[in-house]
Every structure is written in structure tokens, then in C-alpha cells.
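The values are calculated or read from the model by the stated rules, or taken from the named source; none is laboratory data. This one's a predicted model, so the numbers in the text were calculated from it and none came from an experiment. Cβ placement follows ideal geometry from the backbone for every residue including glycine, while neighbour counts extend to all protein chains displayed.
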Amino acid sequence: MADKSDCTSEDVSDAPELDPQISKLKTALETEFTGVDLLFSMTDQIPTVLVPTESLHDLCIFLKTNEDYDSKMLSCMAGVDYVDYCQILYVLYSINKNCTVGVKCNINYDSRVQTVSDIWKAGDWYEREIHDLYGIEFEGHGDMSPLLLYDGFEGYPGKKDFPFYDYQEY
Amino acid sequence: MIGSMSSYFQDAVSTLISLLTLFSFLAVIVLSLVWLERKALGRLQLRLGPTRTGPFGLLQPIADAVKLVLKEDIVPNDAERVIFWVAPIIVVISAFMLWVTIPFTPGIVVENLENMGLFYIGAVGVIGILGLVLAGWGSANKYGVIGGLRAAAQLISYEIPLIMVLISVAIVTQTFNLVDIVNLQSPVPFVLVLPLGFVLFFVAGLAEVGRTPFDIYFAESEIVGGPFVEYSGAHWAVFFLSEYINTFAIATLTVLLFLGGWSGPFLPSIVWLLIKIYAVILLIFWIRGTLPRLRIDQLMAFAWKVMVPLSFYLVVCCSVYVFYEMPWWALTVMSLFGLVAVGVIIYRYITAPARKVAEVRERLRSLQMTQEE
Amino acid sequence: MLSTVKGMIQTLSSTFRGLRRPVTKLYPENPTVLQNRFMGFPGLTWDKNVDEPFCTGCMVCIRNCPTQCMTATMKDNPKFADESSKRRKIVDEFEINLNRCILCGICVDVCNFDAIVMTHEHEESGISRDGSRMDLSGLLEIGGRYQTQTGWQPSSKD
Amino acid sequence: MMQDNSENQTIDMMLNMGPQHPSTHGVFRMELRIDGEKIIDVKPHIGYLHRGSEKLSEGEQYHQVVTLFDRMDYLANFNNELVYCMAVERLLDIVPSRRTEYIRVILCELNRIASHLLYVGTIGLDAGAMTPALFSFIGRDRIQTLFESISGARMMHNYFKIGGLKEEVPTNFVSMVKDIMPEIRQDIDQAEKLLTFNEIFLSRTKDIGVITADQAIDYGLTGPCLRGSGVNYDVRKSEPYSVYSDFEFDVPVGLDGDCWDRHWVRIKEMDESLKIVEQAINNLPDGDVESSLGRRLIRPSAGEVYVKAENPRGEIGVYIVSDGTDKPYRLKVRPPSFCNLSAIEPLLQDSWIADSVVILGSLDIVLGEVDR
């Protein structure tokens, strides 16, 4: 197995050559978001910021409108089930600046998170998909009807405890 | 008394026989057309067409017919049963009725309606629309309803230029009798006298029989068959039959009215007629193999903004020609003027996007130039 | 209008081209030529030197199959006892559900004994879902056909 | 008499288009609210082909997941395999040999042509012309036969392995590719000439389904759909992956963002792909294509990776979370068709029924990828 200097969210110092991007993001965000607990890391060469749920919406608006980041495109939204909480990754991309910023947000399954579909239209279907697969409620999203699954599907297939080879009669 | 009765009986029998002959003749024609369309379209698309049934797949239409007749005839639950059953019959009867007065040669005709041949054709041709609308509505399917309404709009719109062209031909020839019309074309076929009339008639005819690019009312990629969507088996076969009979009728009328009918050297007249008809039909298939489909609003705009005014212009031209007793080439000139007008109008309206594209490409090129600098 | 006319000329010219050199080939008389590497259904190969299958039933392919379409059991090789073969174990039963098989070729990649090959068979049909299960004899048959058709030889890696 | 007018009010009709409709490109369903022939409102429904590929990947080992990616966008198999292999390679921190990369790029670009050729056929069918579909399949068949002789399968190749290729290409690979290049160029011409500048096709597609650049970015459109709106964004140029930085090619860009521009961009892209193939085949380096991992079980250390690449349909992103086992902990695909399709609502506003089919065709979706 090739040994690898991986850039996990806890371990930033392993990627020193990418530090400038992070520090830039850090200075930009820490002046704007004082008093908010932000964690900076790298997700595979993408500077990523871990944000608490309550300031997620503001941060997204900031990243979209800030001229340095100009993240007009929501490239990807992924939910990851870590059994006791769910992590949502937002990959934001700026076509003008050609830079990518990741935003992560940890959500407990019993809490709700504010929608980003009013910031990027692309968020609409992504959030419906995440709602399908993980059962996370997005506040302010108009239509949370199932997108990929059918009406009346039981359970959340994205979760780790969803049985793999079980079969539901439709 | 008895003599008149027996002559009446004889008349009836001879009419019946000729009708039956016509029916079987048309059935054979339809089979040949089905084969020809599949084969010609296949060849246009670098395919082979039917090959398995008989030599060159000649028996394919018979196999198709047997399959269609043996298939289960499904009637949807919510359908208006009576209308659902009557609609195909209306369509096919109107298609057959048209043929009563169309002559193949001066001798071969069921009943040459001497004073009203063209008039009869114009009148009977419209009945089929009713059948299509009823079929769409009776099958209780939304695609069917849309298709039926599209059929009504399209066919009625294109009926006007069609009838206007018939009228202008009648004005020029001073007769409604098709045999006389063909005989009058012996030196100069009317395609040279009325080129505009020929183009209008052919285009309106394409729209009448719903051939590409006017196959809007059963467009399979949009409304999945339109009025025919719920029909299957023998009922669908009846629609199919009438469609091909109508195609053949339009081709025949084009030949009779504009291409000199059965007149031609060396060969017997019926052979000449069939050669010309099949040439026109192949042209129809060729167009089908090349062009995309118009949209319904573009189709209607084309009918009302181009076809109808031009057909009225044609009628006026013919009237002027007859009134002042001009030489025949005067009519050609006037007609050609109309054709040029068609060209201009088509250029203005239909190719507006094309010009825009050219403009766009020009802009792109200049953009690239500036980028390179 | 010009482009429409051009298109019509193009279809006409392609017609004549097609008449001379048709693109379509009639299928059963003129089947498509299979490329050498064509991956059809998997089959088992036959060791002609020892007159037994290469497969030892080691289950590597079964563990690596993405769709779990195979099952196999192994047994003691009777020929090992009389020392005519080097194989200690030999395949007893082998079954591939060809309906599940996705023809990915992973089983061939992972096999250490060259026992399984992607044959050129691709025209199997059956009248029931159960009919597409292929047992050891069937797999050896299509594998053997592949061997004779292509002159397949085991690579010398083991 | 005037009061009677109130009873003559027209009501909107609900029209269900799909999933068994012939031109919804698979099993997409639209609930259209129409007034006559005009579409007032549209409600898209997807998920009829949802196979849970992402969940299934969590149960497969890393080298088995390639087969699932083959079946996601089943018209661009090589491109999908490439992005997955790149993701795992970055997770493992290995670099495939240069020859491997070149062969991958050649195959991907050929696959892009094959995919766009199919698009030409389907947009023709949607617009009512059936001949382009049959013409375009000639070129597609040529490419697929080449693929068959290389990978053994015409569509689901499973040819790219993590860190290399399954096996070395055939010895006559270079001459085969060089032989079919002029033929493919002819086939492309033949297929698109019937459509691109045809007046009827132009009137069906020009100024239909317009989406502005801002709107397109907002909806996350990528690929030809975004470039048709005039945004010069191509992952191959903006963040060159694999060996795309070695090649010279242009990114065709439309202006108006209508159906015709999207069509035109795709037609031009095929030429650019041919350019790339030509450069790559002429500079094909020697070397080994075996993976440096050999046959070992792939077990990356814990970490996560987000890799994106340019598919025929747009930007595909793969997000893999590894927990150090031999199976991915979470695998998320950013499917380009999914985002492109999400813009169907603004695109279909106030268009005609006939346009809806053409607009859907110009988005060129693959439902296997939308639903995963």
C-alpha cells in the first residue's frame, strides 16, 4: 500500500504548500465572522471551512458575494453519514476566479439546517436528494417531496444502518 | 317499366363491380406503398428496409396486414365506445369516396362526375378531418385530444389553399371535369403554366396527408401518435390504410392537374400515369427522409401568412388571364412572380433564424479575433 | 431553403452510396466479426495435459465478483492421489447465473490459475429465468469451444 | 347573455409526459400544465431509474466500483471510469504512467465523440427527422468497434484500473485509431449536415429554451449547456487533469444560450476532440500500463477527496470518503445531467409542447446518471 500524506479534516499541517489558500480564507472569514467557531482544513486541495449550522447561510452568502471568492456556482452538495451526526459538504466554485471552496456543516439528525436553495438554485434538487437519503430537513425549502425515491419509501437509504440487501415492495 | 328496372339494376351491378374493383385496386396500391415507403426510407437512411419476407421483402406489407388484423383490438375503459368505433370508419370512407371520380385513363373511372369532379374532390376531402377529431376525442386520451385539435387546425387551414388551387385550375380550363383537364394539358402540362399552383398544391397536399415536415398531428416524438394513440389492431390498420390512400390521392391529383396525367409517348397511358404518380410519391418519401418537423404555430403561420395569400393571388392571376385572353406564357410569368414572392417570404420569415446564426458566427469570429490580439 | 436542398441532395447521394456498399449486414448470415478481445460469457478452461479443469475452486473470483453471480465448491482431486496431476484440490460444482453476470472480466483478472476466460459466446437464450444458470459442464463446454476456436494457451505465470 | 361568458372559462390541462414517452430519453417524467399548446408550468419527476449506485459503492471494493461507474452515464463509460480512477489514485497518492494517461485521454475523447454523435441522432428524432439518428450511428458503431477491440466490450468496458489499465492496448492500436479518424470526421459531417443549418431545424431551435449565463451558473449547469450560454468553462482548461495540459484545443462557446447554441457547441466539440486524439496518438509515449499496485487489495488510508473532470455532459465530480478499509465509506457523484436537468423548469416556461421535447433533447440528459 502506498503510504500517503492525506489531508484529513483534523490534520492540516501535512500539506504545507497549500497553506496560503487556507490562511487567506481564514483571514477573510475571521474578520467577518467574529465570535463564530470556524475550523479550517483541506479536503483534497480544496480549502474547507467547517461551520456551525446557524451561521451556514450567512457564510454561503458571504462566499457568494465576496469578490475574492465569487462562488457563483454550487458545484456539489454531499451528505455523509457519520452514524451519530451527518456532515454536509458544499463545494462552491467560482468561474471567474477559478477557485474552489468547500464548506462543511455537521448536523444532528434531530435538528434542522437552513436551506441554500435561495442562494443557489442548484441547491434545490441537491437538498431534496439529501432529504431523501438522510432525512435532513432543510428550513425554508419549499418542496421537500421525494426526488429520487418514491412516495412512501420507508427509511433513509443513505444512512449506514439502512439494510443493504433488504427489499421493499412498492 | 321492366326494362327501366333492369337497366337500373344493371347500372347498380356495374357500379358495384367497379367499386369493388376500385377497392381491391386501392388495397394493392396501399400494400405497394407500404413496401415502397419502408424500402425507400430504408435506402435513404443507409439501411436495407425489409428483406426477410419474400424477394426484396415484397411480402412484408402482407405480413404486416395479417399481424395487424390478428392483433387484439383494445378499447380504453373511458373511451366513448361509439365514437371510438365510428371514427376510423369515417376516415377511411372519406378516403375511398375521393376515388370515385378520379380517372386513371379516360376509360378507367368509376363515375366521371362531368360537371362537378373538382368540386366533389374539394368537398369530400374535408370529411376525413371529422374522423380524426372524433378519434382523438373518443379515445379519452389527452394526447389524442391534442392531436385531434391539431389535425383540425392544420387540415382546415391547408384545405383553403388546396381548394383555391383547384379553383384556379378550373378557371383556366373552364371545366370541373378531370378528364377534360388532363386532355387540355396535351401540349403544355400545367406545371409550366401554373408553377406557383403546382408548388402550392404539393405543399398543401403534404400538409393534408400529414407527411413530414407537416406530420404535426401525429408527431410521434411529441404527442406519441396523436389521434391514433389508443388504437390498435384492425382499427389502427384502417387509419394506416386511409393515410396511404390519401397520399396516393394527393400524388394522383398532382399528376392529373399539373403533370399532364396519363399523356406520354410510347407507353400505354395507365403506365405513364402510374410512373408519374410513383415519382411524386417517391419525392414525398424523400422529403420525409430528410427534413425535421415544423412546430404547430410555425405551421399555422406558414398556412395563413404564405399559402393562403398566394393562393388568392393565383386565383386573381387566373381570372385576369382568362378575362383578357392572354397567351399561356403570360400566366407562367405571373405565376413565377408569385413563386419569387414565395421565395422572398420564405427567405424573410423562415430563414430569419438562419440569418441570425450567420450574424452570430460573424460576431464570434470578431470576438476570437479580438481575443487573439 | 438552400440548406434544405443540400440536405435532400445528401440523402439522395447517401442512398446511391448505400446501394453500392450497404452499411447494414444481415444478421444470422453475416454476423458481426468479433474482435479478439471480445468479452462474452465466462467459461472454464480445460487442461488438456492432465485432462481436468484448471479451476481448483479457490473462490477468488467469487469473492471478487461485483454482482455475486457465481458459486463454487471444491473437492479433493482424485488424480492427485495417483500423482497424474499437480492439483491438490479440484472444482466440484461451479455455477454462474448468466442473468446476473455483467461481463466485467474481473474474475479473469483475479484468477491465479487461468481457469476462467471470457469466451466469445454471446448468443445464449433461454425460456425461463432459471434457464440462464450455467453449471460446470456447460461452462467447461463453452470454455472448451473458446479454447479450440482461438487456440487459447495458459499464460506461464504460475 | 354576458353572464354566460363566465362558464366559458378555459381551464388548464394537466398533461403527463413520460416516463413511457418516446422522447423523454429514458424514464423521465414531466407533469405539464398546459393552456392549449402552451406550457404554463412544469413539474419534473425523476428517480425511475434510481438504482442506488452510491449506496451500492459502499458495499463494493474499490476495484469493483469501476463497474458501477460504467453504468452511471452509460454513453460515456470511459469518461466515468477515468474520473473514478483519478479520485482513487489521488486518495492513494499514486500517479499512473504517462502512457496510461495518454491512452486514457484518447479513449475518453473518442467516447466523447461517440456520445455527442448519439446526441445528434436524438435531437434529430426529437425534432422529427429520423435520418440523422441512423447516420450518426455509423460513426458511433465505428468507435464502439474500436473500443471492443481494445477493451473487449462495446459499452461497459471496465478497462481503466486504478493506477493503470487492465491490459496493454493491442499492438495495432495506433494504426487503428489513425485509420478511423478520417472516417469519423466524415461520419460527423454526414450526421450533422442534415440538421445544423437546416432552416426548419433552425426555426425549431434558435431562440428556443434560452437560459442566460447567470441563470445557468445559478442552476449549476455545466458542459455544453453552460458553454452554450457563453460561459467559457471547461474543466479540461480551467483545472487540467490527467494530461490535458499537453494538448492544444479550443473550447467552443455559444452566445445566446438557446437550443441551437447548445447543439452547435457539441458539434464543434467533436472537432476539438478529434484534434486532441490526433495530438495524443502522434505523441503516444512508450512505457508500461500496468498498475503500480499490482493485484494487491486497494486499501487507501483514511481521508477524503473531491475530483472533477469534464464529461460529455458536463462537469462530473466524485467525492470519496475513505475510512481506511477496502471499501469506500461514502461515495458521492456530482452528476452533470442531474444539474442540467434541474434547470428544466425555467427552460420550459412559456414554451410550446413541441419545444419541450427539443429543449429536453438539447440538454442531452442520461437518466442513468440523473437517478444513479
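Brief remarks on what is shown
- Matching residues, the stretch A:136-163, being under 21 Å from the mean Cα position of the chain (by Cα) and away from chain D (no Cβ under 13 Å): A:Ile136, A:Glu137, A:Phe138, A:Glu139, A:Gly140, A:His141, A:Met144
- Set side by side, the residues D:Ala129, D:Ala133 differ, and just one is of a type outside the set (D, E, K, R) and either under 14 Å from the mean Cα position of the chain (by Cα) or buried (at least 22 other Cβ atoms within 10 Å of the Cβ) (or both), which is D:Ala129.
- The residue of the stretch D:88-120 that is nearest to the chain's Cα centre (by Cα), among those that are of a type in the set (S, T, N, Q) and surrounded by 24 or more Cβ atoms within 10 Å (Cβ to Cβ), is D:Ser115.
- Note on the stretch A:28-117: enclosed strands (runs of 3 or more DSSP E) holding 3 or more residues that are in contact with a helix residue (DSSP H, G or I) (Cβ under 8 Å, 6 or more places away or on another chain) and under 30 Å from A:Asp143 (Cα atoms) are A:73-81, A:86-94, A:99-107.
- Search result, residues across the stretch D:55-64 that are buried (at least 23 other Cβ atoms within 10 Å of the Cβ) and touching a Leu at 6+ places or on another chain (Cβ under 7 Å): D:Ser57
- The stretch B:1-55, residues that are within 14 Å of chain D (Cβ to nearest Cβ) and part of a loop (DSSP other than H, G, I, E, B): B:Gln45, B:Leu46, B:Arg47, B:Leu48, B:Gly49
- For the condition within 14 Å of chain A (Cβ to nearest Cβ), without any contact (Cβ under 8 Å) to a residue 60 or more places away in the chain, out of contact with any Asp or Glu (no Cβ under 6 Å at 6 or more places or on another chain) and buried (at least 22 other Cβ atoms within 10 Å of the Cβ), D:Arg295 does not qualify.
- Only a single item in (1) within 20 Å of D:Val318 (Cβ to Cβ); (2) crowded, with 21+ Cβ neighbours inside 10 Å is not met by A:Asn98, and it is number (2).
- Only one of the numbered conditions (1) more than 22 Å from the chain's Cα centre (by Cα); (2) without any contact (Cβ under 8 Å) to a residue 40 or more places away in the chain; (3) buried (at least 21 other Cβ atoms within 10 Å of the Cβ) is not met by D:Ile217, and that is (1).
- Residue check for B:Asp215: of a type in the set (Asp, Glu) and without any contact (Cβ under 8 Å) to a residue 60 or more places away in the chain: no
Every residue, every condition in (1) crowded, with 23+ Cβ neighbours inside 10 Å; (2) closer than 20 Å to D:Leu221 by Cβ; (3) within 10 Å of chain D (Cβ to nearest Cβ); (4) modelled with pLDDT of 85 or more, yes or no:
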| position | (1), (2), (3), (4) |
| --- | --- |
| A:Asp70 | no, yes, no, no |
| A:Ser75 | yes, yes, yes, yes |
| A:Ala78 | yes, yes, yes, yes |
| A:Tyr90 | yes, yes, no, yes |
| A:Asp110 | no, no, no, no |
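- Contact annotation: residue pairs with Cβ atoms under 9 Å, 6 or more positions apart or on different chains, pairing a residue in the stretch B:14-36 that is more than 24 Å from B:Pro55 (Cβ to Cβ) with a partner that is surrounded by fewer than 15 Cβ atoms within 10 Å (Cβ to Cβ) and modelled with pLDDT under 85, are B:Thr15/B:Glu111; B:Ser18/B:Glu111.
- Residue within the stretch D:352-371 that is in contact with a strand residue (DSSP E or B) (Cβ under 9 Å, 6 or more places away or on another chain) and either β-branched (Val, Ile, Thr) or surrounded by fewer than 20 Cβ atoms within 10 Å (Cβ to Cβ) (or both) present: yes
- Count - residues of the stretch C:82-108 that are within 14 Å of chain D (Cβ to nearest Cβ) and more than 13 Å from the chain's Cα centre (by Cα): 1
- The residues on offer are D:Ala280, D:Ala216, D:Ala191, and the sole one that is at pLDDT below 85 and either over 30 Å from D:Lys161 (Cα atoms) or more than 9 Å from every other protein chain (Cβ to nearest Cβ) (or both) is D:Ala191.
- Hits in the stretch B:1-56 (condition: within 30 Å of D:Asp141 (Cβ to Cβ) and aromatic (Phe, Trp, Tyr)): B:Trp35, B:Phe56
- Scanning the stretch B:210-228 for residues that are more than 10 Å from every other protein chain (Cβ to nearest Cβ) and under 21 Å from B:Leu70 (Cβ atoms) yields one hit, B:Phe228.
- Selection status of D:Phe247, in contact with a helix residue (DSSP H, G or I) (Cβ under 7 Å, 6 or more places away or on another chain) and more than 7 Å from every other protein chain (Cβ to nearest Cβ): yes
- For A:Ser55, the criteria (1) within 29 Å of D:Pro328 (Cα to Cα); (2) surrounded by fewer than 23 Cβ atoms within 10 Å (Cβ to Cβ); (3) among the hydroxyl-bearing types (Ser, Thr, Tyr) hold in every case but one, which is (1).
- Residues that are more than 7 Å from chain A (Cβ to nearest Cβ) and under 16 Å from D:His25 (Cβ atoms), drawn from the stretch D:312-344: D:Pro312, D:Arg313, D:Gly314, D:Pro335, D:Pro336, D:Ser337, D:Asn340, D:Leu341, D:Ala343, D:Ile344
- Some residue of the stretch C:120-142 being surrounded by 20 or more Cβ atoms within 10 Å (Cβ to Cβ), in a loop (DSSP other than H, G, I, E, B) and hydroxyl-bearing (Ser, Thr, Tyr): no
- Candidates B:Ala301, B:Ala330 - the one that is assigned to a helix (DSSP H, G or I), within 13 Å of chain D (Cβ to nearest Cβ) and at pLDDT 70 or above: B:Ala301
- Listed conditions (1) assigned to a strand (DSSP E or B); (2) of a type in the set (D, E, K, R); (3) in contact (Cβ under 8 Å) with a residue 24 or more places away in the chain are all met by C:Lys79, apart from (1).
For (1) outside any helix (DSSP H, G or I); (2) assigned by TED's automatic domain parsing to the domain that holds B:Ile90; (3) of a type outside the set (Phe, Trp, Tyr); (4) in contact with a Lys or Arg (Cβ under 6 Å, 6 or more places away or on another chain), each residue gets a yes or a no:
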{"residue": "B:Phe218", "(1), (2), (3), (4)": "yes, yes, no, no"}
{"residue": "B:Val224", "(1), (2), (3), (4)": "yes, yes, yes, no"}
{"residue": "B:Glu230", "(1), (2), (3), (4)": "yes, yes, yes, no"}
{"residue": "B:Ala234", "(1), (2), (3), (4)": "no, yes, yes, no"}
{"residue": "B:Val238", "(1), (2), (3), (4)": "no, yes, yes, no"}
{"residue": "B:Ile245", "(1), (2), (3), (4)": "no, yes, yes, no"}
{"residue": "B:Phe248", "(1), (2), (3), (4)": "no, yes, no, no"}
{"residue": "B:Leu253", "(1), (2), (3), (4)": "no, yes, yes, no"}
{"residue": "B:Gly260", "(1), (2), (3), (4)": "yes, yes, yes, no"}
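- Single residue of the stretch D:229-244 satisfying the filter (in a helix (DSSP H, G or I) and free of Cβ contacts under 8 Å to residues at least 40 places away in the same chain) that is nearest to the other protein chains (Cβ to nearest Cβ): D:Ser238
- The set of residues in the stretch B:194-216 that are surrounded by fewer than 24 Cβ atoms within 10 Å (Cβ to Cβ) and not in a loop (DSSP other than H, G, I, E, B) comprises B:Pro195, B:Phe198, B:Val199, B:Phe202, B:Val203, B:Leu206.
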